Amino acid sequence: MTQPGSPGQAVSLGMPAVPPPPLAPRRESRQIMVGPVPVGGGAPVTVQSMTTTLTADVNATLQQIAELTAAGCQIVRVAVPSADDVVALPAIAKKSQIPVIADIHFQPKYVFAAIDAGCAAVRVNPGNIKAFDDKVAEIARAASDAGVSIRIGVNAGSLDKRLLAKYGKATAEALVESALWECSLFEEHGFRDIKIAVKHHDPVVMIRAYRQLAERCDYALHLGVTEAGPAFQGTVKSAVAFGALLAEGIGDTIRVSLSAPPVEEVKVGIAILESLGLRERGLEIVSCPSCGRAQVDVYTLAEQVTAGLEGLPVPLRVAVMGCVVNGPGEAREADLGVASGNGKGQIFVKGKVIKTVPESQIVETLIEEALRLADQMGAELPEELRDLVPGPQVIVTPPSTGR
């Protein structure tokens, strides 16, 4: 029997050619369109965010949308709390590179204005629009005629008082009842281009709510932990909640809510999808947590390599390892890696050692080799990286002595 790694057996190194299968089949959901972007119905899970600018400031809002688009955001939501914001919607919807969702609270008339402005979708909150029920037929007709989808967005902090009285607080059951009740009003008028969000600041309640929704309807689901907190806390909460649900096949689009610049929300959302194999992995840094065995400054090396390769548009796994225990194995199995020790590092490319360099040259060498690999893959490199691509790698083999 051939043992792994024995002569004659091919060992696959580096990133897998075919990504691993998802942890569970995707839940079957009704597909809607948000502008040109499909949501649900087997379409890839999309990443959303929301602008933090005053929507009435068209230039600032479009600038932030451009930054979000560059970061990988696929759908963007803008707040529409005032008449001035409504006036700005046509220009924003027309010039945005990605579909724009208008976020409407309290004012049903703004829903019609957003549809007329060319927004791809409208978000309504049943707990905040008291006169909304009487307008459902008109909204359903206007949205249907314009090809605009509706997001029913229920939040724990703005739940209908009737449901708070019934359940005592914003439970998972209360959130689900609110969403499905609102959906039923649209269904009465034949409108089903709907996706649902039931957000709560507690990941446990949020997970329970989405699981219940997944069992009780086939609408596309927008995942979110609302008021998740500052960057670190919000990232942890979102990763836990989204990971649990997406691993079960639940969720069609996501928005990470952070008290941080919205571009950070997009980065976290993309990283979550990549970690679960729901999106092709981009640049992945594998680095050890360091320990008493480390003989180089792993923290600094990993940070500098990450910063130096930011924006690299190819799926590369780069291993930055600090000792001889796991270092060679991890570096060998990555596309590119370093196994460090005694103030120097062995550089691996596709499983083979190409050179040994002093610690002071590890970061520079890894960046050069990563850019070389990206260039060989035909990547469209950002201008700031393009000029750094080195020439072909030359590996010098010592001459044979003839003995």
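The values are calculated or read from the model by the stated rules, or taken from the named source; none is laboratory data. As the structure is a prediction and not an experimental result, all values here were calculated from the model. Every residue, glycine as well, gets a Cβ built from its backbone with ideal geometry; the counts of neighbours run over all protein chains shown. For the accessible areas, the whole protein counts, side chains as well, though only heavy atoms, and no ligand, DNA or RNA atoms are used. Shrake-Rupley method; radii C 1.70, N 1.55, O 1.52, S 1.80 Å.
How large is the accessible surface per residue of the chain, computed with a 1.4 Å probe and reported in Å² as a whole number? Please list the in-between numbers first.
Details: 19230 Å² over 403 residues.
About 48 Å² of surface per residue is accessible.
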*Count charges around residue 153 for me, please; just the other residues with Cβ under 11 Å from its Cβ, Lys/Arg as +1, Asp/Glu as -1.*
+4
*Keeping the other protein chains in place, figure out the carbon and sulfur percent of the accessible area of the range 284-387, with a 1.4 Å probe.*
45 percent
*What are the residues whose amide H is under 5 Å from the amide H of residue 316, where those residues sit 5 or more places off or on another chain and H is modelled from the backbone?*
283, 284
_Mean-position separation - Cα centroids, the range 74-127 and the range 304-325, in angstrom_ = 40 Å
*Where a ≥ b ≥ c are the square roots of the eigenvalues of the C-alpha gyration tensor, would you call the range 284-387 rounded, which needs a/c under 1.5, or, failing that, prolate if a/b is larger than b/c, or oblate?*
prolate
_Cα-only Debye scattering, the range 76-223: base-10 log of I(q)/I(0) at q = 0.12 Å⁻¹_ = -0.47
*Per-residue ellipticity at 222 nm for the chain, helices alone: DSSP H runs ≥ 4 residues times -39500 (n - 2.57), over residue total, nearest 500 deg cm²/dmol?*
-11500 deg cm²/dmol
_Below 18 Å, Cα to Cα, which lysines can residue 355 reach? Residues fewer than 8 away in the same chain don't count._
344
*Would you mind checking which residues have amide H under 5 Å from residue 29's amide H? H placed 1.01 Å from N; only 5 or more apart, or other chain.*
41, 42
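Expressed as a whole percentage, what fraction of the accessible surface of the range 32-276 belongs to carbon and sulfur atoms when a 1.4 Å probe is rolled over the protein heavy atoms? Don't skip to the answer; put the middle values down first.
Working: 5130 of 9480 Å².
C and S atoms contribute 54 percent here.
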*Taking the DSSP beta bridges in the chain as the whole, what percent of them are antiparallel, to the nearest 5?*
30 percent
_For residue 52, net neighbour charge (Lys/Arg +1, Asp/Glu -1) across residues whose Cβ lies under 14 Å away_ = -4
*Which ³J(HN,Hα) values in Hz, rounded to whole numbers, follow from the phi angles of the range 38-46 under the Karplus curve 6.51 cos²θ - 1.76 cosθ + 1.60, where θ = phi - 60° and Gly and Pro get x?*
x, 10, x, x, x, 5, x, 5, 9
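Using Cα-Cα distances under 8 Å and only pairs 6 or more residues apart, what relative contact order does the chain have, in percent? Numbers along the way, then the final one.
Details: 799 pairs, mean separation 55.2, N = 403.
Result for the chain is 14 percent.
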*If only Cα atoms are counted, what is the Rg of the chain, and what is its Dmax, in Å?*
25.2, 94
